[in-house]
Amino acid sequence: MMNDTDTDIALRLAAWWESNARDLPWRFGRATAWGVLVSEVMSQQTQMSRVVPYWTAWMERWPDARALAAAPKAEVITAWGRLGYPRRALRLQECARTVAERYDGELPRTYDELVALPGVGDYTASAVMSFAFGERIAVIDTNIRRVLARAFRGEESLGGSASQVEREMARRLLPESDKVSVVWNQAVMELGATVCMAKAPLCESCPIAGQCAFLRNGRPGLGQRRTRPRQRFQGTDRQVRGLVLEALRGLPSGGTLERARVERLWEDRVQLDACVASLDDDGLVEMLPDGSLRLPE
DNA sequence: ATCCGGGGCA
DNA sequence: TGCCCAGGAT
């Protein structure tokens, strides 16, 4: 149950949302449920500002699950461009194929069915249920975890996956009506993305600064590292995989990359071969007998 | 617990 | 540079 302060915060956030929500193209009922799902998958670990142009082109090209299901993999991988984590592109197409075959092209409307789809985890399933279908469900993402931890517990959220305590708090705070719960989810998430940021929150312009336990406590531990140090990118397999895929995306449709040109992409032959093999395992590239590479059909 | 891209920012 | 980002799969 919500107390008076919780209610006050919910009202303030809803009002703030009304005049501060970013005008993203999949918001405000302008996209199908499938379009919302695509936006959520593209947004996994990727900032919205980078997603927008990709989403717009993608939905124009493949407006629904059936269209994406029928596309050649090579086109899907190429259209994913530099969004990162290209396996998301393949999973999104697998998801489209499942929806096309098993659900007659229409996205299912239950959490359990959604979360069973390829590339759809707890966050994405919840987000689609809330944002696309208007159902009352607690959405938990990194922004919401941070905002709730700060505003209501006065602490920074811990790293790792969401704890049971965090989930229970999110459920407890979720407004009772379907419609209001959707606004709540979006508003809390939006606040985390644009005001209550991880490193340098803009408390001066926060609509709930007066009610925030974190601010009241003097923002303890602000900016302190909450997650394990990230693997550096330079020199990692991720960089090498990215180079290989970038070279393949640059080829004319159906083209292949000669072995000699593959070898020129990275000096460490052992690492290069391991990365090519892992890309092959992932289904992102195909290796021909002569060692040249191409995108899969 | 680790792996998986890439861009943007102080 | 280091860190963060609307996570998911293994």
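Read the figures in this text as sums done on the coordinates, not as results from a lab. The structure presented is a predicted model; accordingly, all values stated were derived computationally and were not measured. Ideal geometry is used to build each Cβ from the backbone, glycine not excepted, and the neighbour counts take in all protein chains shown.
General observations
- Each residue, A:LEU222 and A:ARG167, gets one label point 7 Å from its Cα in the Cβ direction; the gap between the two is 3.2 nm.
- Structural size metrics of the stretch A:237-294, computed from C-alpha coordinates, are Rg and Dmax of 10.1, 29 Å.
- Annotation note: trypsin sites (Lys or Arg not before Pro) in the stretch A:4-75 located in DSSP loop regions with a Cβ neighbour count of at most 13 within 10 Å are A:ARG22, A:ARG30.
- Taking amide H as placed 1.01 Å from N in the peptide plane, A:VAL285 has its amide H under 5 Å from the amide H of A:ASP280, each at least 5 places away in sequence or on another chain.
- Per residue, the average separation of C-alpha pairs within less than 8 Å and at least 6 apart gives chain A a relative contact order of 18 percent.
- Nearest-0.05 FRET efficiency for A:ARG87 and A:GLU263, computed from C-beta distance (R0 22 Å): 0.35
- Each label was represented as a point 7 Å from its Cα along the Cα-to-Cβ direction; for A:ALA213 and A:GLN271 these points are 4.5 nm apart.
- Segment A:SER253-A:GLU155, extension gain: residue separation times 0.36 nm, minus the distance between their alpha carbons: 30.1 nm
- Contact order for the stretch A:237-294, expressed relative to its length and based on alpha carbon pairs under 8 Å spaced 6+ residues apart, stands at 42 percent.
- Cα-based helix-to-principal-axis angle, A:269-282 vs chain A, degrees rounded to 10: 70 degrees
- Calculated FRET efficiency, A:ALA116 to A:THR5, Cβ-Cβ distance, R0 = 41 Å: about 0.60 to the nearest 0.05.
- Cα-only Debye scattering, chain A: base-10 log of I(q)/I(0) at q = 0.14 Å⁻¹: -1.08
- Calculated mean residue ellipticity at 222 nm for chain A: -15000 deg cm²/dmol, from DSSP H runs with n ≥ 4 weighted as -39500 (n - 2.57), summed, divided by the residue count and rounded to 500.
- For the pair A:ARG27 and A:ALA70 in one chain, pulling the backbone fully straight at 0.36 nm per residue adds 12.9 nm over the alpha carbon distance.
- Extension gain, A:GLU297 back to A:LYS199 (0.36 nm per residue minus Cα-Cα distance, nm): 31.0 nm
- Debye equation applied to the C-alpha atoms of the stretch A:33-120, log10 I(q)/I(0) at 0.14, 0.18 Å⁻¹: -0.42, -0.71
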